[in-house]
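Heads up: the structure comes next, in structure tokens.
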Amino acid sequence: MVNKKPFHKTHIFLSLLVFTNVALLVTSKSTIEPCANSDSCNALLGYTVYTELKVSEVASLFQIDPIALLTANAIDISYPDVENHILPSQLFLKIPIVCSCVDGIRKSVSTHYKTRPSDTLASIADSIYSGLVSADQIREANSISDPSVLDVGQTLVVPLPCTCFNGTDNSLPAIYLSYVVTPVDTLAWIAARYSTTLTDLMNVNAMGSTAIKAGDILAIPLPACASNFPRYAADYGLIVPNGSYAITASHCLQCSCGPGNLNLYCQPASLAVSCSSMQCRNSNLMVGNVTVQQSGGGCNVTSCNYGGFVNGSIITTLSTSLQPRCPGAQKFPPLIAPPTSAIRDTTFAPSPAPQSDGAGGTGTPKSSSLVPSTTSMLPGLAPIGGPAGSASGSASDACSLINPLANFPTAVLLLLYVKFMMAIL
């Protein structure tokens, strides 16, 4: 007679704990955009600063220009030594990145991270990059066979989520923000915060319901001002979110969007030091200058406009038009001082914020700070966040990917598991 090895109750508890963690991991989802060409676009990441960091240190994490980081968040760059200003922990920032087409899906692969003695893949993903990437995604991007062994000073590629959707939303210029859902978020709060609608968010992210969970990554369309620079310009495809700025032409020009319209307006930047001519030909006007003259037929408007940065030179175009009335003075998005504290915008947040259970009911927000991974794998199941669907440039072809187990009630899975464990005692 074969003796069965004793199975202690502790083993059951540990097994259930592991099973529960797996069940939590498979429920998180991320929106991806299939692609089939090598073009790229400007995009934004929603990033939460994990500890006090200088502006230059945050920029270094994503290998971007510190000035680009400041202008994307409408932070005044005229402050002395602004690049060394210390940003508070938990401050939310928009990070401007270039979104490329890699392995058939949109993602950014220009970010690299050099490991430190205390780093793990989980801490890099969940803390340093605030849940924008998972440990599994970093492991796969760097072909790491043993994630428990990281060499100090090792340079890792950090793949980050992004979408382009042809730079439009409902046929209007838009730039897309990759946003990590927090435990207190609701889809209605996110829609109100970013001046869009539930319907638009659900369409963009291919969602069947308004249910979201902490760790989900949503693509949020932001109204923007688009440029029409020639394809051979260094800043071709420049697009600026409404209410913010962008520095271009080697720090010589500052372009703004809004308020009140989606017309890109560019003028000499305060940082301009050694720049090519910004004067329009056959005119005394500089880039950004506008003259108006009232006439019996309306208002004659002449403007000197920026046309792109080509081979180190600033391209200018002089335009004239007859308008019904003369335009007023150019308005600019309000600038803010470099932040010294992190205050979450609660203007549209419910109190407390309910969360849909996906079946018409609501529940209380989760209090756990655990951010589920977006690329967890189970034997025989595809990784969450992997490519799916046909390649297309429209938002309607976005894939909101969820592991199949997420559609099966977790309680039922746990009950079956307990019965199985009890049967082998």
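The values are calculated or read from the model by the stated rules, or taken from the named source; none is laboratory data. These numbers were taken from a predicted model, which means no experiment stands behind them. All Cβ positions, glycine included, derive from the backbone under ideal geometry; neighbour counts span all protein chains shown. Surface areas here come from the heavy atoms of the whole protein model, side chains and all, with no ligands, DNA or RNA. Shrake-Rupley method; radii C 1.70, N 1.55, O 1.52, S 1.80 Å.
General remarks:
- Peptides ranked, highest mean first, by Cβ atoms within 10 Å: ranges 208-219, 47-58: 208-219, 47-58
- Summing +1 for each Lys or Arg and -1 for each Asp or Glu among the other residues whose beta-carbon sits under 14 angstrom from that of LYS114 gives -2.
- The range 27-226 - percent relative contact order, Cα under 8 Å, separation 6 or more: 25
- Two-site FRET efficiency, SER127 against SER171, from Cβ-Cβ distance with R₀ of 41 Å, rounded to 0.05: 0.55
- Inter-label distance for ASP103 and ASN311, nm, one decimal - labels placed 7 Å from Cα along Cα-to-Cβ: 4.0
- Residue-by-residue Karplus 3J(HN,Hα) for the range 95-102, coefficients 6.51, -1.76, 1.60, Hz, glycine and proline x: 9, x, 9, 9, 9, 10, 9, 10
- Sequence-distant contacts, meaning Cα pairs under 8 Å at least 6 residues apart, place the relative contact order of the range 245-327 at 23 percent.
- Candidate cross-link partners of LYS54 among the aspartates and glutamates, defined by an alpha-carbon separation under 12 Å and a same-chain spacing of 8 or more, comprise ASP81, GLU83.
- Surface composition of the range 245-327: carbon plus sulfur atoms contribute 46% of the solvent-accessible area (1.4 Å probe, protein chains only, all chains present).
- Take each peptide in 178-187, 291-300, 263-272, 78-87, count the other Cβ atoms within 10 Å of every residue, and average; sorted highest first, the result is 178-187, 263-272, 78-87, 291-300.
- Descending by average beta-carbon neighbour count within 10 Å, the peptides 303-310, 228-235 line up as 303-310, 228-235, the highest first.
- Amide H contacts under 5 Å for LEU156: TYR113, LYS114, THR115, restricted to partners 5 or more places along the chain or on a different chain, H placed in the peptide plane at 1.01 Å from N.
- 16 Å Cα-Cα reach of LYS213 towards aspartates and glutamates, excluding residues that sit fewer than 8 places from it in its own chain: ASP126, ASP185, ASP357
- In the context of the full set of protein chains, the range 27-226 has a per residue accessible area of 38 Å² (1.4 Å probe).
- Taking ASP200, ASP146 and ordering them by how much accessible surface each has at a 1.4 Å probe, largest first, produces ASP146, ASP200.
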